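The values are calculated or read from the model by the stated rules, or taken from the named source; none is laboratory data. Because the structure is a prediction, the values reported are computed rather than measured. When we count neighbours, we look across all protein chains shown, and the Cβ atoms used for this are built from the backbone with ideal geometry, even at glycine.
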Amino acid sequence: MTASELETDQAARDAVVNDLESTLFLEAGAGSGKTSCLVGRFVALVESGIPTDHIAAITFTEKAAAELVDRIRTELRRRAANNQACRDALLVLDSAAIGTLHAFAQRILTEHAIEAGLPPRFAVHDEIASQVAFETRWELFADGLLDDQSLEMPLRLLFASGGKPKHLRDVAVAFNANWDLVVDRIDFAPPAVPSVDVRDLLTDLKAVIDLAEHCTDEDDLLFRHLTDMVTDFEARLRAAVDDDGRVKLLDAPELKSKRGQAKNWTSIGVGVVRDRLSNLQEACAALRAAVLESVLQRLATSLAQFTAESATARREAGELEFHDLLVLARNMLRSDVTGPDVRPALAQRYERLLLDEFQDTDPIQIEIAVLIASDDQEAGQKHWSAIRTEPGRIFFVGDPKQSIYRFRRADIGMFMTARDELVGASLQLSRNFRTGEPIIDWVNATFAKLIVGEGTSQPEYQALLAERGRPETGPPVAFIGREHDRRLPADELRSQEAADVSAAIRRAIGEAWSVADRTPARVDSWRPARWSDIAVLLPARTSLPFLERALDEANIPFRAETSSLVYGTREVRELMLVVRAVDDPTDSLAVVSALRTTAFGCGDDDLFVWRKRHRGGWDHQEPVPEDAPVDHPVAQGSAWLSTIHLERQWLSPSQVLDRILRERRFYELAAAERRPRDLWRRLRFVVDQCRAWEEAGGSTLREYLQWVEGQSGEGTRVVETVLPETDDDAVRILTVHGAKGLEFPIVILSGLTTLMNSQPRRVEVRFPGSSGWAIKLSKRLSTTDFEDTQPVEEQMDHHERLRLLYVASTRARDHLVISAHRKERGTRTTLTSAEVLHDAGWDPMLAGELDLADELLRPTRESDVGSDLQDLPTLDGWQAAHDAALISASRPLANSATRLARARAAENELDPAVRKTAVGDPGLAKGARDIDLPPWQKGRYGSAIGRAVHGVLQTVDLATGTGLVAACAAQAAAEGVLGKEDVIRALAQAALDSEIVKLAATQRHWREVYVGVPWETGILEGYIDLLYEDGAGLVVVDYKTDAWRTETELDAKVSLYSVQLQAYADAVRTSVDREVVGALLLFLRPGGSVTRPVSIAASLF
């Protein structure tokens, strides 16, 4: 560190506390003491005579705000003896405007609720409450969406192109999080969706097919391509009867071809034919893209209207979400009506604004700040960068190299524009008080190559100046890992990386690497490292399971401190099984599974004896068999479940959880685990989440279980807030985002094996620049604007990932270990994070290589090395056995009649119209027994309305219809389709009024009959809606609630379902040895029904 560099840094620190009348922009490098500067400026403002309640300090997190308040209080106390202003400030500090941006916006709105269009008293929902409220709104909207006739064709085209209802919900979630941009950028006038006009395409196809006449050899591969594949495609496209069928066919047909020999196409040229085919494929893609563009725009308009109406409803009701606070505060300040009065009032109320972590906050923050700090009467009509503020009113603190929250709308371009437009120059803090000099030298050398200024997407790198020296023992900077064969599977690469990380941790503890405890005077006191001094930082959670497994095998204590699959852990799964068994005694699977958990300890032998010897059932509300001993484990467990089930009506879901945890000794059982504290923490977390869910409006156990199912769905991760446990000596595992703002004596960077430019496989919504929007639902389903934004998005994403590596590296105080496990590149041009760091940072003068061979060879547990080794089979033999096992395992033991119908359709045994009907048909969702479903849904129809109708017809009196209204209400509630009782009743009444049901009611009949017979290597099974005797034999009746528009569609459905009814008839003949004399399909619609017989003469067996 030179004298000039030190002087520049100190001058910046002095200006922060002395130059109070200038608008300052402080770029504070990692570990440079920015919080001390914030404290210093706040206290200096107080000493200059500005009241504490006229200063607003806005931080990024509540934790940072609490720390800032604590440090300000300490500094005020230190100065209070000689300064009256400091003594006065201490009295009102707790009510000062020191908090997050959302808290500040809420304070503004509270002071000016009427001007913002809010009720005088409004509430702010937390994340869980907002989620519950959104789901309620979405269910109502989605119900209406499917009933909207104007959206029938857009939805059909979307689903035919691979779209799913979940995609629409994901877009709605993204719109809700950015509703201010939705309102500004999306046109609410619904665009027309054009028909899929393929007439020109068919003409061109026919002309290209006719080119086959020019081929002189019928064995030519291009000739065959034209006469087979292209001709078949043309026929199918010409036969398609509706637009959704056409758009599905247009999805990537293999028309273009490089086949064919020039000698066989002398009269026209093989290149001409190939070009025509290529043009045809492009025409198909263009037509599909044009149609889907209009489809996505139409659906986006509906979703945008839903989003805007929801935001308005929240404002009018005074039930706000976090993002509402920012938008409403900004809008109030910008409004021509309220702005001229509110802006001066707030300017007088908040004389000074201190903005911390400016690089990572929502761009709305700068708008709110400049509107408050400006005396321009026309400020509401100007872009924020053109608004002039009074000098000294705003103080900015941030570091553009640490901007890593684009997914939360942070905009580094906004940071750089504010620095240049509002201030014109910035102060630099370069001295780093956190990290040792060897690490700083490596960081400077590495990231000066990686972080290179580029427009408004990447700042220039500013070198750090080290204040601390090197550790007494242990390498300051070290690489682990090597280059692997490029064919190595990704999971194996992650496993080897995790093993090396584990070995590095053991090396650090075994060699007693020195770490420093810093005194208040910033003097290092060195000591040997402990487990808790080590933090493993991961850019993403992909490699977390491999790391946890490796640490567990090495007997290394660890804690995952950011986010984990809480509801997927064993102890939480067992807890939820018990809750499910308490809620529904008829759910046999849940009851049996609960009894098998550690909470009850029933073994398979206990369950077998209970069932076979004592003839006991699983419904804990049924009486215990007389011959069963009272102390039988199943009897005791069932009795306890029965008690809690009866008491649950007077208990909230969180109270039920608490009873289960206490009375079934979950906490005590955790003591037998290696890391009981982690289990206790997770169980407490689940109970706390349940209480928060209750406060948000949740009520019943069944609703709670449905919410948990959503939380534990595939791809869903729950943020697990972890409080520090300073007495827990364990390695800490965090994501880099979770480690932001923290520091650790030893940092190991792991999980760097993924490509830097890997794209997410999820629904994406973008609002690029200052106008426009773009959506991607899947790889082949996006708006055209989405691809246009891709180059800029990839560049911004790449630059942010480099900054993420910088943030990770600067968390280390004394030792930094970088995992460089990577594959051979070959011709690959994209790099992984490990390759980026290794290429830029491998320098023997700055970093060493940690040799872990001894650690990897050292056994960590009792080993079976001395056991006899078996001869390995040959590769071919193993592969054959492996393939046979996969085929056997993938073959279902139970096949359903509906699955069989789908399979026959897929095997082209049915005509094209029937195959089309089979795709996604809810009537074929009624398959084999699903023991995960509650009893009122087993064997039921695929749609909610259909299941409800079947449920009604299963219980109502077929002859008189007695109990119809009550049954419809009950089934609507059970299926979650409240408000559809009239539709359910109309369909059920159509069945009761049919001649078939009237006849069955006068005969012996059975409803919802399960039938199963041996078939191939397993069983064929299903549920028959209605079976009745008719003279010489039995008649099978199957209800269908399908909608159809034409007789052609109805005929296609009959053909499709004929396989299903044939299977039912064969199964009945085989199982009861009675003749089946008829099989009927009863299609229900409001106001009547249609009966269609099905031929069952030919057997499927």
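Quick look at the numbers
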{"read-out": "Filter result for residue 321 (within 21 Å of residue 181 (Cβ to Cβ), among the charged types (D, E, K, R) and at pLDDT below 95)", "value": "yes"}
{"read-out": "Answer from 574, 548, 561 - the residue that is surrounded by fewer than 19 Cβ atoms within 10 Å (Cβ to Cβ) and of a type outside the set (Lys, Arg)", "value": "548"}
{"read-out": "Qualifying residues in the range 1-20 (those that are touching a Lys or Arg at 6+ places or on another chain (Cβ under 8 Å) and under 17 Å from residue 466 (Cβ atoms)) - the one surrounded by the most Cβ atoms within 10 Å (Cβ to Cβ)", "value": "9"}
{"read-out": "Single condition residue 258 does not satisfy, out of (1) assigned to a helix (DSSP H, G or I); (2) more than 29 Å from the chain's Cα centre (by Cα); (3) surrounded by fewer than 21 Cβ atoms within 10 Å (Cβ to Cβ); (4) not polar (S, T, N, Q)", "value": "(1)"}
{"read-out": "Positions within the range 316-344 being closer than 18 Å to residue 124 by Cα and crowded, with 20+ Cβ neighbours inside 10 Å, in sequence order", "value": "320, 321, 323, 324, 325, 326, 327, 328, 329, 330, 332"}
{"read-out": "Scan of the range 766-808 for residues that are basic (Lys, Arg) and either free of Cβ contacts under 8 Å to residues at least 40 places away in the same chain or closer than 27 Å to residue 443 by Cα (or both), ordered by number", "value": "766, 776, 779, 801, 803"}
{"read-out": "Residue match in the range 521-541 (condition: modelled with pLDDT of 90 or more, among the aromatic types (Phe, Trp, Tyr) and on the phi < 0 side of the Ramachandran plot)", "value": "yes"}
{"read-out": "Hits in the range 741-757 (condition: surrounded by fewer than 20 Cβ atoms within 10 Å (Cβ to Cβ) and under 24 Å from residue 529 (Cα atoms))", "value": "741, 742, 743"}
{"read-out": "Residue 160 being closer than 30 Å to residue 72 by Cα and not β-branched (Val, Ile, Thr)", "value": "no"}
{"read-out": "Residue check, residue 130 under 27 Å from residue 290 (Cα atoms), hydroxyl-bearing (Ser, Thr, Tyr) and part of a helix (DSSP H, G or I)", "value": "no"}
{"read-out": "Count of residues meeting criterion [out of contact with any His (no Cβ under 7 Å at 6 or more places or on another chain) and touching a residue at least 60 places away in the same chain (Cβ under 8 Å)] in the range 488-499", "value": "5"}
{"read-out": "Check on residue 765, touching a helix residue (DSSP H, G or I) at 6+ places or on another chain (Cβ under 7 Å), at pLDDT below 85 and either surrounded by 13 or more Cβ atoms within 10 Å (Cβ to Cβ) or not β-branched (Val, Ile, Thr) (or both)", "value": "no"}
{"read-out": "Residue in the range 286-307 that is over 35 Å from the mean Cα position of the chain (by Cα) and touching a residue at least 40 places away in the same chain (Cβ under 8 Å) present", "value": "no"}
{"read-out": "Test: residue in the range 619-626 that is assigned to a helix (DSSP H, G or I) and without any contact (Cβ under 8 Å) to a residue 24 or more places away in the chain", "value": "no"}
{"read-out": "Residue 68 vs. criteria in a helix (DSSP H, G or I), within 34 Å of the chain's Cα centre (by Cα) and not assigned by TED's automatic domain parsing to the domain that holds residue 520", "value": "yes"}
{"read-out": "Residue check for residue 556: outside any helix (DSSP H, G or I) and out of contact with any Pro (no Cβ under 6 Å at 6 or more places or on another chain)", "value": "yes"}
{"read-out": "Flag for residue 435 being crowded, with 20+ Cβ neighbours inside 10 Å, hydroxyl-bearing (Ser, Thr, Tyr), touching a helix residue (DSSP H, G or I) at 6+ places or on another chain (Cβ under 8 Å) and outside any helix (DSSP H, G or I)", "value": "yes"}
{"read-out": "Residue tally, condition assigned to a loop (DSSP other than H, G, I, E, B) and surrounded by fewer than 17 Cβ atoms within 10 Å (Cβ to Cβ), over the range 609-618", "value": "1"}
{"read-out": "Subset of the range 180-200 (residues that are within 33 Å of the chain's Cα centre (by Cα), assigned to a loop (DSSP other than H, G, I, E, B) and among the charged types (D, E, K, R))", "value": "187"}
{"read-out": "Matching residues in the range 530-548 - criterion: being in a helix (DSSP H, G or I) and of a type in the set (S, T, N, Q)", "value": "532"}
{"read-out": "Top-ranked residue of the range 239-255 - restricted to ones that are in contact (Cβ under 8 Å) with a residue 40 or more places away in the chain and part of a helix (DSSP H, G or I), ranked as farthest from the chain's Cα centre (by Cα)", "value": "239"}
{"read-out": "Residue that is over 38 Å from the mean Cα position of the chain (by Cα) and surrounded by 24 or more Cβ atoms within 10 Å (Cβ to Cβ), where the choices are 1061, 1050, 1027, 1056", "value": "1061"}
{"read-out": "Only listed residue being surrounded by fewer than 13 Cβ atoms within 10 Å (Cβ to Cβ), of a type in the set (Lys, Arg) and touching a residue at least 40 places away in the same chain (Cβ under 8 Å), chosen from 137, 121", "value": "121"}
{"read-out": "Residue that is at pLDDT 90 or above, of a type outside the set (A, V, I, L, M), crowded, with 18+ Cβ neighbours inside 10 Å and under 20 Å from residue 593 (Cα atoms), where the choices are 654, 638", "value": "638"}
{"read-out": "Condition check for residue 197: of a type outside the set (A, V, I, L, M, F, W, C), out of contact with any Lys or Arg (no Cβ under 8 Å at 6 or more places or on another chain) and surrounded by fewer than 16 Cβ atoms within 10 Å (Cβ to Cβ)", "value": "yes"}
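One line per residue, one yes/no per condition, for (1) touching a strand residue (DSSP E or B) at 6+ places or on another chain (Cβ under 6 Å); (2) of a type in the set (Val, Ile, Thr):
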| residue | (1), (2) |
| --- | --- |
| 354 | yes, no |
| 359 | yes, no |
| 364 | no, yes |
| 367 | no, no |
| 373 | yes, no |
| 377 | no, no |
| 390 | no, no |
| 405 | no, no |
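Per-residue answers, yes or no, for (1) among the hydroxyl-bearing types (Ser, Thr, Tyr); (2) assigned to a helix (DSSP H, G or I); (3) touching a strand residue (DSSP E or B) at 6+ places or on another chain (Cβ under 9 Å):
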residue: 1019; (1), (2), (3): no, no, yes
residue: 1025; (1), (2), (3): no, no, yes
residue: 1034; (1), (2), (3): no, no, yes
residue: 1048; (1), (2), (3): yes, yes, no
residue: 1052; (1), (2), (3): no, yes, no
residue: 1056; (1), (2), (3): no, yes, no
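Yes or no, residue by residue, for (1) touching a Gly at 6+ places or on another chain (Cβ under 7 Å); (2) closer than 30 Å to residue 368 by Cα; (3) not in a strand (DSSP E or B):
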site: 413; (1), (2), (3): no, yes, yes
site: 417; (1), (2), (3): no, yes, yes
site: 440; (1), (2), (3): no, no, yes
site: 460; (1), (2), (3): yes, yes, yes
site: 467; (1), (2), (3): no, no, no
site: 474; (1), (2), (3): no, no, yes
